[in-house]
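Below is one structure; the comments refer to it alone.
The values are calculated or read from the model by the stated rules, or taken from the named source; none is laboratory data. No experiment lies behind these values; they were computed from the predicted model shown. Cβ: placed from backbone, ideal geometry, glycine included. Neighbour counts: every protein chain shown. Each accessible area value is taken on the protein alone, full model and side chains, heavy atoms only, with ligands, DNA and RNA left out. Shrake-Rupley method; radii C 1.70, N 1.55, O 1.52, S 1.80 Å.
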Amino acid sequence: MNNTTTLLRHPHSPRSSTPATTMLDRSVSSRRHAAESDAVADSPTPDPSSDDDESKTKRQHISLLASKYLSRISHVSPYLVICVFALFGVVSFIFHYSRNLVCISPYDPLSRIGPGLYRPDAAESDFGYLGVPWCRSKHGKTVEWTTKDLIKGLEEFVRIYETRPIKNNMYGMGFDHSFGLWFIARWLKPDLMIESGAFKGHSTWVLRQAMPDKPIISISPRHPAKYLQKGPAYVDENCTYFAGKDFVDFGSIDWGSVMKRHGITNLGRVLIFFDDHQNELKRLKQALKAGFQHLVFEDNYDTGTGDHYSLRQICDQSYIRGGGHSCFKDSDEARIRARRKKFWEKAVDVEELCGSGETWWGVKGEMRDNFNHSNKPISYAEHFQNSRYVESILEVYWELPPVAGPSLTHQTRYDPARAPSPIVEDGRYGLFQRLGLSRLETSVFNGYTQMVYLQISEQDS
């Protein structure tokens, strides 16, 4: 079986000397860099005709200027003079300190946090003892697309999203992850898409919008058609369902036979989407064993949250920037977490983070699985080894950023200190409006859980 990566590239991706059928063998960073600004100081040009007249270029002493000015206004009431100087002092004071003031919208949830807790860098990955524990790939590669590509995709996807058949997808994907799945599938252009966990069929619909003519395999204990009895759902005509009475778990399917039936000879042209709330380490090993390379996990829960062991949790390690935690209740981290918990629903304080014996990894030292129905306590040594294993098979790791900053979307759930910088950053309301994002209900932005795209390969020998 040929497992080389040969998915077609997006038509708007940069040109390359590599064949058009290869995908992500080379990549450039999509992480945003801070914009550079140049400050240019304007200096007055001296008058060449006044070289010999020193009085025009040399500043007079302040006491001399003051005495001249007072002699001119000696006939004016001293009370008026005092008032003028007092007014001048007040104006100077306001001008001096107003340069440090920033206007913040009263609707911005960040403005409630107060000085010292939310700063311009508070939403970035380098926020004190909090941060974004980014999984390390074994060869240092990352995705090919850039922020400009994501913004261009948003402009197109908003109009598509407004036509979705399931308007209220409660307990399912919101806008952020719907866009992420659509964008990734659209960019990679797979020949076959597989989803594990379909719910009402919204993710199936998203995949269909990305690739209108490609087959889909949907795996779900309950068939989406069952939901049609109670409300909107989506069933795709060009989809093979392992659902309902035909359900088979992803890890138990004979993928060799299934690929043969679909005419797939190169598993590098298959995209797998997991939204089944299963242990992601388990799913990662199953996908690798079957030969798949391109995976998306919808619910990449942060440490201390969620109903299954996630890639984000696995890579939350002390040796990774933004990773590792302290259970000491009087630590700086504990104080920061306690304050942020007041403003972000999904923020985790130390009480929620740590279990008995100061076990903070996973969820209080547990490796959760199967919708939190099957939990296994693990030691830190095992947790550490899980991270090293993941790094040994990772070619690419990329977390979808939030589509826009919280002051634009008005979301108050995820903590910006534990998320990548948004695609449309706070303060860019013009861009937010131009992309059509302002037309969407604010509730659709509340489902962000660090969706992640992976490219994997066998361990190096």
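So Leu295 ticks every box in (1) part of a strand (DSSP E or B); (2) of a type outside the set (S, T, N, Q); (3) open to solvent by 10 Å² or more (accessible area, probe 1.4 Å) but one. Which box is left unticked?
(3)
Report, by residue number, each residue of the stretch 347-390 that is more than 30 Å from Thr412 (Cα to Cα) and of a type in the set (A, V, I, L, M).
Result: Ile378, Ala381, Val390.
Of the residues that sit in the stretch 354-364 and are on the phi > 0 side of the Ramachandran plot and within 25 Å of the chain's Cα centre (by Cα), which one is most open to solvent (accessible area, probe 1.4 Å)?
Applying the filter and picking the extreme gives Lys364.
Could we say that Tyr319 is surrounded by fewer than 20 Cβ atoms within 10 Å (Cβ to Cβ) and more than 29 Å from the chain's Cα centre (by Cα) here?
It is false that Tyr319 is surrounded by fewer than 20 Cβ atoms within 10 Å (Cβ to Cβ) and more than 29 Å from the chain's Cα centre (by Cα).
What residue, of Leu288, Leu228, Leu284, is assigned to a helix (DSSP H, G or I), in contact (Cβ under 8 Å) with a residue 40 or more places away in the chain and open to solvent by 10 Å² or more (accessible area, probe 1.4 Å)?
The match here is Leu288.
Are any residues in the stretch 190-214 touching a Lys or Arg at 6+ places or on another chain (Cβ under 7 Å) and small (Gly, Ala, Ser), and if so, which ones?
Ala210 - this is the single residue of the stretch 190-214 that is touching a Lys or Arg at 6+ places or on another chain (Cβ under 7 Å) and small (Gly, Ala, Ser).
If you check Leu408, Leu394, which single one turns out to be farther than 27 Å from Asp349 by Cβ and surrounded by 15 or more Cβ atoms within 10 Å (Cβ to Cβ)?
Details: Leu408 fails: farther than 27 Å from Asp349 by Cβ.
The match here is Leu394.
Mind listing just one residue for me: the one in the stretch 401-436 that is touching a strand residue (DSSP E or B) at 6+ places or on another chain (Cβ under 6 Å) and at pLDDT 95 or above and, of those, nearest to Thr303 (Cα to Cα)?
Checked the stretch 401-436; the qualifying residue nearest to Thr303 (Cα to Cα) is Pro422.
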